[in-house]
Structure formats: structure tokens, C-alpha cells
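The values are calculated or read from the model by the stated rules, or taken from the named source; none is laboratory data. These numbers come from a predicted model, not from an experiment. Backbone-built Cβ (ideal geometry, glycine too); neighbour counts: all protein chains shown.
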Amino acid sequence: MADWHAPQGPFDIPDVPDYIPRRLKPYLFILFVLIVQFSGGVYLAAASDMVGTTALMQEDVLMAGYASLIGLAINFAVMFRIKFRFSVRTQLLVSGIMLIAANVICVYTTNVPLLVITCFIAGWFRMQATFACNSTIQLWLTPVRDMAIFFCYVYIIVDSVIQLSGIATIYTAFFSQWEYMHWIMVGLLALMMIMVMILVKPVRGPMFIPLLGIDWIGAILWAGFMMCFTFICVYGNYFDWWDAMEIRGATLIGITCLCLNLWRASFLHHPYISFQAMKNRNVIRATGIYLVFFTLIATEHVFEHSYAANILGFDETNLIDLNWYVFVGIIAGCAFTYFTFALRKWRYKTMTAIAFALAIVYLAYFYFFIDYGVEKEMLFIPLFFRGAAAVIISIVFLTSIVQSGLPFLIFPQALTINGFTGAVMGATLGPAIIGELLRHTMAKNAALLGANISNTNPDIAFAPLGQLYGLVHTQALVVSMKEIYGWLLIIALATLAIILISYSSVRPFAIFPKWSKIRRVIKHMVRTNKEYQDPQLEKQTSM
């Protein structure tokens, strides 16, 4: 194993001409990754500005933003195939063109289906361009192909850009208009394309692998299921859940797409996502942990903005400045994971327990200190711990999927499941549950507080109706948030206890095969698929 992954001379990128210094070549691709990651369709940080200047609703903007994540997740299953079909230069140029078109469409359109489809396509090409760059410099990051090290780099880029793009979007809208952020990204993407045309050569691998044997119908069906799931979570409260025809229709379509996929996976030679990937123990474990963990910290999407804006009175610039606290937490979490999990090979159980312990600190801080007079600097501790916890859990369980023992052809399918459960479900299901819980809890507490105010203080009962309603609403919001934080804290403590009493001695040993071996495996799959399809084709022709 050591000889198989031994470095074979100084790292170099043949796609970049030799007049570029060898040491600078990897940083060129990191620059490309940063530009691409900043471009993904709509910017959720600008949702309120988009709602105020267009006919869109808050839910429409959220749906478009999450569609970008769905496009990203769907791409995982075929990103290796596309890499071995097209050169890095072609992938970056095509992705740049599509992302520029997506940014222009997102500025001008108010058609929700068009906006959602545009963001879905933008997410697909953003993922492909990111993978093209990251796979090119993988051996520079980790010559032994240790994926625990590689994923620390991936998440420090991806999660950091999420925070920084929100900051850049709000300040752009503050000094000018939210549309200018899209035009800035159009300019940066155009600059990237010029640099690619000048500095990146069209180098193709030693074997040409056509895009044969890919279950594109399955990809569309899986995307449909994910879109319906996201639609239900985003629009559920707006349409009053299953009392509305829209939610019932989305549920029916989503279940139909899921059933068709499971039925097709039972007989297809190469389904888009196979049962082998779905039934893998590490994939199931990661899905369960994601659902619990991201539901616990879903208060990020439901509470924090309402609390800071309505209770503390923060404006948009002060609200977005809180992203800096999360950004520092992400950097610290990636650094901690790198030195402990990637280098020192701490156990999965240990890292999971640490991530949940950090989430407990986040929940406990808000439970005990939530009040009307909290200063902005006091929010550093919980937001720092939340950012660190989220990035630790993501790196650890993505590494566990690489180490799950799946054949390499099935491994990208597991990444698609991980992308959907970790990114899409983590961003939609938890907030939907917490948001609905907040609605019912607030109604209960508002009724109790309203009765107490009128009974204990008759003078307040004769106050103006608007003032009285605002007072009751504010009091009910704080009490309800504290109550829900308490219940989530109890669940987090119980989950941590279960993790601590369980036994696991598994340590990260996720080694990526050589690219030449991956190429041979995919070539064999295509050849096998053609041999499988030819007899079927001849049989149909003879009939």
C-alpha cells in the first residue's frame, strides 16, 4: 500500500504551461475554486432585498437556493465520468459559461420555475468545476491520497465561502443594489475563463471514456424526489402543510419518483443510485447522524435571525457581521479536525462526541443567556461553536463513507446520498420541524401571556392594541425560543450519552486509489455495459 501511493517526483500540473512556476500552479486552481464557489445562482443572504424589489416571496428565494444544493448533490454520481470524458480546460470553460448565464437570469427573472431550474443547473456546474480543480491538486494536498486530509481542505473552502458570500452580498446591497453582486460574479467568471484559455492547456487523459451507461432517467427522477422533498419543507408552513393541494401534489410526485427509482434499481445493470449504496452501514449511520445533528442546530435558520432582528434590533449589516463569528469557528474546526482526526487518527466516535459537545455548548448558551440586552460580541461563543461543530461532523462522516468498503463505482452514488442528506435535508428538514414547533409554542405562550397581562395589570389591558400585541408577541417569542432551546438541549445531551456509551475503535484510514486505477475501472464498466446492452439490442431488433 505504501509503495502504491508513494510520490513519483515533484508535483506538477501538465495542464498548465511550464512558464508558470510550478509552486504557483496549485494556487491558480484554488483561485478558480473560490470564484466558482461564490457563484451558485441566488444568494440567500439577499433574500429580503429580492423580496422587496421583486414579486418573489421568501419561500421562492429559499427554494431556488436549495435547488442549487440539489444540483450539486446529483452531480456527485457522475462527476468522475465527466472528468474522464472532458479535459479540465473544457470543464472550466463550459462551467464558466453556464454560471455566467445563471447569474444573468437570476438578476432579471421573476418566474419561480425558471429561477429554480436555473439554480439547479448552476449547482450542477459549480460542483463539476469545483471537482475538476480539486481533483487536479489532490496529490499536492495529500501525496498519499488520505481523504481525511483532503476533506479538511474541501470544507474549509466550501463552508468559508458560504459565510463570506453572505457578507459580500449584504455589503454590496448596502452600498448599491443586490443585483450588483451577480454582476461582480459575472466579471470574475469572465476573468476566470480568460485565465483558463491562456493558462490551461486542453490535456486529455491517456484513455477516452465516453458517457455511456449513465442512468440519466434515474438522475431526473432522483432530482424530482429531492425537489419535492425540499418544496414540502420550504412551502409547508406557507400552504398549511397537507391541507393544501400543492403540498399533497408534491408529496404524491415525490413518492412516485422515489418508488420508480427503487423499482428501476432492482433490475438496471447500472442504476443512478444502487441498493448497495443505499444499504451501506456507513451511509445509513451518516444519514441518521445528519438528521439528528442538523435538526439540533436548525435554530440557526429559524431563531437567530428573528432574535437578532426583532429582539436585539440589529440591522442587516450587524446581522451579517455575525457570519464572521461562524467563519472563525469553521477555520478553527477544520484546523482541529486536521491535526486530530486527519494526522493523529482520532477515532470516529471521539470526533462525533466532540462535535455534539460543541453543539450542546451552542444550545446551552442560548438557553441560559437569551435575553433582551445581549450585546453582539456576546454571540461570538455560541456561533463559533456552531460553526466548528458543523464542519467537524461533515468532515468526519464524509470520510467514513470513503472508508465504507464500497466498490469505487458505487462510491460516487454514496456521495450523492451524503450530499442530499447532509446539505439538502440538513438545510430544509430541521428548519421545517423547528419552525412548526415554534409556531405552535408561540401560540400557546402568547395566549398564556395575554391572559396574565390583562389579569395582573389592568392598566396594561387598556393600552393601545398595537402596543399590547407587540409586547405579547415579543415576550412569547423569547419564552418560546428558550423553551425549544431547552428541549433541543435535552435531546443533544441524550444523544451524546448514547455516543459515549457505544463502542467504536474505528479510526480514519480512507485512502483514495490512483487516478490510473480509477480510469481503468470506469473503462471496464463502460465496456461491460456495452456488452450487456448489445445482446438486448440484437434481441429487440430481431423481434
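Worth pointing out:
- Being at negative phi, modelled with pLDDT under 90 and in a helix (DSSP H, G or I) is a condition met by at least one residue of the stretch 265-273.
- In the stretch 288-332, of all residues being β-branched (V, I, T) and more than 20 Å from the chain's Cα centre (by Cα), the one that is modelled with the highest pLDDT corresponds to T317.
- Filter result for F80 (of a type in the set (F, W, Y), under 24 Å from the mean Cα position of the chain (by Cα), buried (at least 21 other Cβ atoms within 10 Å of the Cβ) and at pLDDT 85 or above): no
- Qualifying residue in the stretch 348-368 (condition: among the basic types (K, R), buried (at least 20 other Cβ atoms within 10 Å of the Cβ) and either in contact (Cβ under 8 Å) with a residue 12 or more places away in the chain or in contact with a Pro (Cβ under 8 Å, 6 or more places away or on another chain) (or both)): no
- Residue, modelled with the highest pLDDT, within the stretch 23-70, restricted to residues that are small (G, A, S) and assigned to a loop (DSSP other than H, G, I, E, B): S39
- F86, sole failed condition from (1) in contact with a Ser or Thr (Cβ under 8 Å, 6 or more places away or on another chain); (2) not in a helix (DSSP H, G or I): (1)
- Within the stretch 197-204, the presence of a residue that is among the β-branched types (V, I, T) and within 25 Å of the chain's Cα centre (by Cα) is excluded.
- The stretch 247-264, residues that are hydrophobic (A, V, I, L, M, F, W, C) and either under 25 Å from A298 (Cα atoms) or surrounded by fewer than 17 Cβ atoms within 10 Å (Cβ to Cβ) (or both): I247, A250, L252, I253, I255, C259, L260, L262, W263
- Residue in the stretch 233-246 that is farther than 27 Å from A46 by Cβ and buried (at least 17 other Cβ atoms within 10 Å of the Cβ) present: no
- Of all residues making up the stretch 106-123, the number that are more than 10 Å from V42 (Cα to Cα), surrounded by fewer than 23 Cβ atoms within 10 Å (Cβ to Cβ) and not polar (S, T, N, Q): 6
- So V424, is it of a type outside the set (D, E) and under 29 Å from I232 (Cα atoms): yes
- Pair list, Cβ < 7 Å and 6+ apart or interchain, from the stretch 225-248 residues that are part of a helix (DSSP H, G or I) to residues that are charged (D, E, K, R) and at pLDDT 90 or above: W242/R248
- The set of residues in the stretch 87-103 being of a type outside the set (A, V, I, L, M) and either buried (at least 21 other Cβ atoms within 10 Å of the Cβ) or at positive phi (or both) consists of Q91, S95, G96, N103.
- Taken residue by residue, the stretch 275-295 has at least one member that is closer than 30 Å to T474 by Cβ and crowded, with 17+ Cβ neighbours inside 10 Å.
- Among residues of the stretch 404-421, those that are part of a helix (DSSP H, G or I) and of a type outside the set (F, W, Y), counted: 9
- Identity of the residue in the stretch 167-183, surrounded by fewer than 21 Cβ atoms within 10 Å (Cβ to Cβ) and assigned to a loop (DSSP other than H, G, I, E, B), that ends up modelled with the highest pLDDT: Q177
- The lone exception for V374 - which of (1) surrounded by fewer than 24 Cβ atoms within 10 Å (Cβ to Cβ); (2) in contact with a helix residue (DSSP H, G or I) (Cβ under 8 Å, 6 or more places away or on another chain); (3) touching a residue at least 60 places away in the same chain (Cβ under 8 Å) it fails: (2)
- Once the stretch 488-509 is narrowed to residues that are loosely packed, with under 13 Cβ neighbours inside 10 Å and assigned to a loop (DSSP other than H, G, I, E, B), the residue that is modelled with the highest pLDDT is S502.
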